[in-house]
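Asks: There's a structure below that I have some questions on.
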Amino acid sequence: MKQPLNDERFLQFARSYLRESFPNPERVGCPPDRELQTLIESPLKANSSLTEHLSCCSPCYSRYAALLEAQRIRLRRKAFDRLVAFYRQTPARLAWVSGALVLLSIFWIFIWRAPQPAYSAFTLDLTAASETRGANSNSSGPVARIPKRPLQLKIQLPLGSKEGLYLVSLDAGKGVVWSHEAEARLVDHVIALEVRADLRSLPAGRYEILLQSGFEKIEYPIQITRP
Amino acid sequence: MDMTTREPGSEGINPVDRLGRKINPEVLRVAEQLRKRLFSYGEKMLGDAAVVANLLEESGAAVSRILQRNPETSTAIRDLQAYLFRVFIRKINRLLRQQPQLSNWEVASFIDYRESMEGKVVLDEFLGNCDPVTRQMLYRRIEGFSWKEIGKFYRVSAHAAEARCSQAVQRVRRKLGYRD
């Protein structure tokens with residue numbers, strides 16, 4: 001359940017209940033306005049029995065509420081005025097704060113933000129490769145050499161491959177070290193797909209590139225070389 | 001035939017309640033001062049002047065008994081009028097909680113919080129039982145002050161101000177048997 005003192009409906013009810021339920025047209029036992037004012041300004045020093053009277057006298061409560069409202073507005077305005085005065089009276093501070101903000105922005109733009117790697121285009125032609133059948137894969141064929149850097153890798157699939165979603169992965173022998181999904185499309189009479197691959201974190205060496213789409217699986221040996 | 005209508009409670013308050021308990025003359029004087037207001041409030045809540053008159057006499061007798069049993073309490077009661085009013089409100093609330101069918105349509109339309117008496121009863125009990133500082137904190141909260149602003153006035157943190165009021169409300173709710 002929401003705390004009643006943070007529940008706007010409860011507070012709204014309490015507001016109207018205290019302002020309307022205890023009419024006192026003859027103002028029996030009401031304190032003078034000055035005492036209410038003291039209760040507002042220095043609540044810890046004022047006569048605390050007033051608070052009891054306020055709980056059962058709507059006219060006094062309404063007056064008290066009006067004084068509280070005025071105080072609240074005054075306090076909030078004061079805080080805003082203080083902020084404005086801070087800048088008006090000391091233009092040097094404003095310059096300092098603005099300068100610091102500019103420096104922070106520059107720091108964020110040029111230093112904090114990691115530089116985006118530049119992906120260079122690279123085409124891997126697998127049109128000569130064939131689909132893997134059975135457990136024996138074609139690993140005796142030619143090995144494509146791929147530089148170890150961020151690549152916009154365009155892979156041309158073997159003849160007879162189908163369009164659609166492929167899972168492209170790199171197997172280092174012990175397991176898959178990188179994978180990505182890409183859509184293969186027919187471009188210039190060749191089925192090809194494009195992926196972004198940042199190979200800088202991979203050690204140079206021999207890998208198998210695997211392309212899988214449903215039951216279709218293509219394996220091809222590659223060599224990742226130093227740039 | 002006299003067709004004029006009498007004001008509720010205009011015949012005066014009986015110095016003895018329906019159970020035969022006497023009302024202290026000082027309390028009776030205060031009750032007479034408050035009679036109009038108490039009747040106006042009681043009739044709005046209960047809709048029956050006779051029941052209100054009985055409750056007023058019972059409240060007067062209860063306060064008299066408290067003063068008689070603990071003479072030092074009389075110095076602790078800073079405002080006898082407000083104290084009597086709160087005892088009267090508590091008696092009305094007890095009756096409303098016991099017999100919800102007593103609440104008329106006026107009460108139902110007036111109290112829309114959770115469509116029940118819960119908000120009113122909790123608020124009345126809170127105002128009747130808590131210390132003056134907590135009461136002032138509640139007034140400020142009701143009038144739209146943030147906990148931070150309230151804390152500043154009473155030289156405590158926002159969290160302390162909120163905890164003080166919330167714990168007081170929780171105590172009241174538990175005492176009244178409402179679930180948290």
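The values are calculated or read from the model by the stated rules, or taken from the named source; none is laboratory data. Predicted, not measured: the structure shown is a model, and the values here were computed from it. Note: ideal-geometry Cβ built from the backbone for every residue, glycine included; neighbour counts use all protein chains shown.
Asks: Return the residue satisfying two criteria in turn: it lies in region A:95-107 and is among the aliphatic types (A, V, I, L, M) and within 30 Å of the chain's Cα centre (by Cα), and of such residues it is surrounded by the most Cβ atoms within 10 Å (Cβ to Cβ). Walk me through how you get there before you give the answer.
Replies: The first filter runs over region A:95-107 and keeps only residues among the aliphatic types (A, V, I, L, M), leaving A:95, A:97, A:100-104, A:106.
Retained after the next criterion (residues that are within 30 Å of the chain's Cα centre (by Cα)): A:97, A:100-104, A:106.
Working: A:V97: 13, A:A100: 10, A:L101: 10, A:V102: 10, A:L103: 10, A:L104: 11, A:I106: 11.
Across region A:95-107, the extreme among qualifying residues is A:V97.
Asks: Yes or no: region B:61-76 includes at least one residue that is closer than 19 Å to B:D124 by Cβ and within 13 Å of another protein chain (Cβ to nearest Cβ). First the steps, then the outcome.
Replies: Step one: of region B:61-76, the residues closer than 19 Å to B:D124 by Cβ are B:62-63, B:66.
Imposing the further condition that a residue be within 13 Å of another protein chain (Cβ to nearest Cβ) reduces the set to none.
Within region B:61-76, none of the residues are closer than 19 Å to B:D124 by Cβ and within 13 Å of another protein chain (Cβ to nearest Cβ).
Asks: Taking the stated definitions as given, is A:L75 free of Cβ contacts under 8 Å to residues at least 12 places away in the same chain and not aromatic (F, W, Y)? It would help to see each step written out before you state the result.
Replies: Values: free of Cβ contacts under 8 Å to residues at least 12 places away in the same chain: yes; not aromatic (F, W, Y): yes.
So A:L75 fits the description; yes.
Asks: Listed residues B:R155, B:R164, B:R140; which is at pLDDT below 90 and over 17 Å from the mean Cα position of the chain (by Cα)?
Replies: Values: B:R164 fails: at pLDDT below 90; B:R140 fails: at pLDDT below 90.
Testing whether each residue is at pLDDT below 90 and over 17 Å from the mean Cα position of the chain (by Cα) leaves just B:R155.
Asks: Right, here's the next one. Scan region A:17-39 for residues that are within 9 Å of another protein chain (Cβ to nearest Cβ) and either surrounded by 14 or more Cβ atoms within 10 Å (Cβ to Cβ) or over 48 Å from the mean Cα position of the chain (by Cα) (or both) and report the count. Don't jump to the end; show me each part of the working.
Replies: Let us first name the residues in region A:17-39 that are within 9 Å of another protein chain (Cβ to nearest Cβ), namely A:17-18, A:20-26, A:28-29, A:39.
Narrowing further to those that are either surrounded by 14 or more Cβ atoms within 10 Å (Cβ to Cβ) or over 48 Å from the mean Cα position of the chain (by Cα) (or both): A:17-18, A:21-26, A:28-29, A:39.
Of the residues in region A:17-39, 11 are within 9 Å of another protein chain (Cβ to nearest Cβ) and either surrounded by 14 or more Cβ atoms within 10 Å (Cβ to Cβ) or over 48 Å from the mean Cα position of the chain (by Cα) (or both).
Asks: Any residue in region B:154-177 that's surrounded by 14 or more Cβ atoms within 10 Å (Cβ to Cβ): show its pairings with residues that are among the basic types (K, R) and at pLDDT 90 or above at Cβ separation under 7 Å, as long as the two are six or more apart or on different chains.
Replies: B:A158/B:K148; B:C165/B:R141
Asks: With respect to B:R18, is the statement that it is outside any helix (DSSP H, G or I), at pLDDT below 85 and within 12 Å of another protein chain (Cβ to nearest Cβ) true? So that I can check it myself, show each step before the final result.
Replies: Details: outside any helix (DSSP H, G or I): yes; at pLDDT below 85: yes; within 12 Å of another protein chain (Cβ to nearest Cβ): no.
For B:R18, the condition - outside any helix (DSSP H, G or I), at pLDDT below 85 and within 12 Å of another protein chain (Cβ to nearest Cβ) - is not met.
Asks: Scanning region A:42-70 for residues that are under 44 Å from the mean Cα position of the chain (by Cα) and more than 9 Å from chain B (Cβ to nearest Cβ), which turns out surrounded by the most Cβ atoms within 10 Å (Cβ to Cβ)?
Replies: A:L67
Asks: Oh, and also: What number of residues in region A:4-56 are touching a Pro at 6+ places or on another chain (Cβ under 8 Å) and among the β-branched types (V, I, T)?
Replies: Looking only at that region, the number is 1.
Asks: Here is a follow-up. Check A:Y119 against each of (1) at pLDDT 90 or above; (2) within 30 Å of the chain's Cα centre (by Cα) and name the one condition it does not meet.
Replies: With respect to (1) at pLDDT 90 or above; (2) within 30 Å of the chain's Cα centre (by Cα), A:Y119 is out only on (1).
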